[in-house]
Amino acid sequence: MLADYSILLISAILVNNFVLVQFLGLCPFMGVSNKLETAMGMSMATTFVLTLASACSHLTYNLLLEPLGLEYLRTISFILVIAVVVQFTEMVVRKSSPLLHRVLGVYLPLITTNCAVLGVALLNLNKDHNFLQSLFYGFGAALGFSLVLVLFAALRERLAVADVPEPFEGAAIGMVTAGMMALAFMGFAGLV
Amino acid sequence: MTLIRISSPHAHGSDSTASVMRRVLIATVPGVIALTWFFGFGSLVNIIWASLVAVACEALALTLRRKPLGFYLQDYSALVTATLLGIALPPYAPWWLIAIGVASAILMAKHLYGGLGYNPFNPAMVGYVVLLISFPVQMTAWAPPRGLGEVPGLLQALQACFLPAQYDAVTMATPLDMVRQNNSLLLEDLWRDPLFGRWAGIGWEWVNLAFLAGGLWLLYRRVFSWHAPVAMLASLGLMAALFYDGGSSASGGSPLFHLLSGATMFGAFFIITDPVSSAVSVRGRLIFGALIGTLVYLIRAWGNYPDAVAFAVLVANFSAPFIDHYTQPRSYGHSKSGGQP
C-alpha cells in the first residue's frame, strides 16, 4: 500500500517527469524560468493547484459525468474545473496572504493554461486511478514539475551571462538545454 | 610613477588552462595503459581518432565565431574532452560512432554555450549519453578482457574502427551487466564465472585502480580539491553497503565491487572534477559528489542501464547552479544575508 504510493510518486517525479519525459507544461517551463524566485513562486502555486485539480476532476468524473452518462464531456468539464480551482486558489491566497499573492502575481491565473494540469486529470482517467491515487499522482506530477523548473531557473541565471552565439541566445539555448536535461532524465528509465 | 602596494606573499602561480589540461592528459596515461593491456589497442585508436575529430570541430566552431584559432586550440581543452570520451566509449567502436559523439560534445555541449568556461554540462558526458541513447547496440558492445579471449592487435583495432563492416567483433557482457541481469544465482555462484576477478571483473579492477592512481596524482598536484571525488566514492560505497545483504541475487554487489567496476574511478577523478560544470563552493562540491554517487547506485541497481556515471553526472551538472545558489559561503565580515553582522 505505502510502497504503491511511493512508486507512484517516484514515477511521476523522475521516471515519467511531466516536463522532461512527457513534454507537458513546457510553456511555463520556458516562460517563468528566467529568475529563480519567480520560478519558486510558480512551482508552489502549481503544486497546490495541480494536486487540488487532480482530486476535483476525479470527483467530477466519478460523481457527476459517469452517473449522467456524459463521459464525452470530460475534457471541457475538466478545463472548467481547473479554471474554478485556479480562481478559488487566487481568491483564498488574496484574502489570506496578500504577500504571497503579490509574489505570485500574474502567474497564478496563468496556471489555467498549463497543459500539465489538464494532462494529469486525463491521465488519471486513462490509468484508472482511484481518489487517493489521483491525489498522489497529481502531487507527484507537481513535485516533478517544480523540481525541474527550479533547477532550470538556477541554470538559466548562469546562461544569461554566458557568451552564447547570437543565433542561439535566449529561448533557443534554453530549448537546447532542456533537451540535454531530457537526455539526462532518460537515465531514470526502468527505476520503477 | 605610481607605486602599487601589494602585501606579501608575492607568490606567482604558473598555472594556466593549458598546463592544467596537460596534467589531466598525463594523468589518464596509467588508465589508458591498463585499458590497452586488458582490452587491446581499441581505446588508443578511439582516443587518437576522437582527438583528430575534436580538433577539426573546435577549429570549425572557432572559425564560425571568428575567434583566434591558435590561442584557443593551444589550451588542450578539446583534446581532454576527446580523450575522456575515447576512454568512455567501448573499444573497437566504428569511426562514425566516435565522430558523432565528439561532434555533439564539442559543437553542441561546448560551443553552443560560448566555448570553454560556459558549458553547463560536461561535454564528454553529453557526447556519451547522446550515443548511448541513439546507438545502444554499439555502445554496449565491450570486448572480452585479456584472459577470457584473444586480445586484438593494433591492425585489427584500426580495421575495427575504420572498416567496421569487415571486422568480426567479439563482445561480452561486462561484470555490471552480469550483476544487473542476474536474478537467480547467489553472488557467490555468480562469482565462479571466469569474468570475475578478485574484487570485481577481471581487468576492470585494474583499470579502475589505474585511474585511481592517475586521479591521486592530480589531487597531489592540486588540479582539483578532494571534496567531490571523496563525496562521490563515499556515497556510492555507503549505498552499496546499505543494500548489500551478503550475496543474494537481489543484492547489487559488494561496495568494493561497485567502487572498482565500470567507470567509477574514471568518473570520480576525471569527469566530476570538471571545474566548469561542477558546483563551485566547498559544501556545494560535497553535495554534488554525494548526489552523483547516490544516483550511480540507484540507476545501476534498479534502472535499465548497467552503468550510470554519465547520466548521474548530467543530472548533477543540471543541479549544480541550484546547489551553488544555496551553499554560497559567507564572505568575511558580513552576515549570511550580505549585510553587516
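The values are calculated or read from the model by the stated rules, or taken from the named source; none is laboratory data. Small disclaimer: the values here were computed from a predicted structure and weren't measured. No Cβ is skipped: glycine too gets one built from the backbone with ideal geometry, and neighbour counts run over all protein chains shown.
Of the candidates A:VAL49, A:VAL86, A:VAL19, the single residue that is surrounded by 15 or more Cβ atoms within 10 Å (Cβ to Cβ), hydrophobic (A, V, I, L, M, F, W, C) and assigned to a loop (DSSP other than H, G, I, E, B) is A:VAL19. From the list B:GLY149, B:GLY117, B:GLY153, the one residue that fits, being over 27 Å from A:VAL21 (Cβ atoms) and either touching a strand residue (DSSP E or B) at 6+ places or on another chain (Cβ under 8 Å) or of a type in the set (Val, Ile, Thr) (or both), is B:GLY149.
Any residue at all in the range B:119-136 that is away from chain A (no Cβ under 14 Å) and not in a loop (DSSP other than H, G, I, E, B)? No, that holds for no residue.
Based on what the data block shows, is B:GLY197 surrounded by fewer than 16 Cβ atoms within 10 Å (Cβ to Cβ) and of a type outside the set (Lys, Arg)?
Numbers: surrounded by fewer than 16 Cβ atoms within 10 Å (Cβ to Cβ): no; of a type outside the set (Lys, Arg): yes.
Considered against the rule, which asks whether it is surrounded by fewer than 16 Cβ atoms within 10 Å (Cβ to Cβ) and of a type outside the set (Lys, Arg), B:GLY197 comes out as no.
Looking only at the range A:156-183, filter to residues that are farther than 23 Å from A:LYS35 by Cβ and within 7 Å of chain B (Cβ to nearest Cβ); which one of those is surrounded by the fewest Cβ atoms within 10 Å (Cβ to Cβ)? Restricting to residues being farther than 23 Å from A:LYS35 by Cβ and within 7 Å of chain B (Cβ to nearest Cβ), the top hit is A:PRO165. Do we find that B:SER43 is out of contact with any strand residue (DSSP E or B) (no Cβ under 8 Å at 6 or more places or on another chain) and in contact (Cβ under 8 Å) with a residue 24 or more places away in the chain in this structure? Considered against the rule, which asks whether it is out of contact with any strand residue (DSSP E or B) (no Cβ under 8 Å at 6 or more places or on another chain) and in contact (Cβ under 8 Å) with a residue 24 or more places away in the chain, B:SER43 comes out as yes. Can you confirm whether B:VAL313 is within 14 Å of another protein chain (Cβ to nearest Cβ) and either buried (at least 21 other Cβ atoms within 10 Å of the Cβ) or assigned to a helix (DSSP H, G or I) (or both)? Taking the combined requirement at face value, the residue satisfies it.
Give the residues of the range B:313-341 that are of a type in the set (A, V, I, L, M, F, W, C) and either without any contact (Cβ under 8 Å) to a residue 40 or more places away in the chain or more than 16 Å from B:MET125 (Cα to Cα) (or both), sorted by residue number. Please lay out each step first, then the result.
Initially, the range B:313-341 is screened for residues of a type in the set (A, V, I, L, M, F, W, C), giving B:313-316, B:318, B:320, B:322-323.
B:VAL315, B:PHE322, B:ILE323, listed by residue number.
Just one residue in the set B:LEU69, B:LEU107, B:LEU73, B:LEU52 is more than 16 Å from the chain's Cα centre (by Cα) and within 14 Å of another protein chain (Cβ to nearest Cβ); that residue is B:LEU107. Of all the listed residues (B:ILE287, B:ILE323, B:ILE299), the sole one being within 14 Å of chain A (Cβ to nearest Cβ), assigned to a helix (DSSP H, G or I) and within 19 Å of B:ALA173 (Cα to Cα) is B:ILE299.
The rows are residues; the columns are (1) in the same structural domain as B:THR273 (by TED's automatic domain parsing); (2) touching a Phe, Trp or Tyr at 6+ places or on another chain (Cβ under 9 Å); (3) at pLDDT 90 or above.
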position	(1), (2), (3)
B:VAL24	no, yes, yes
B:VAL32	no, no, yes
B:VAL45	no, yes, yes
B:TRP49	no, yes, yes
B:VAL55	no, no, yes
B:PRO68	no, no, no
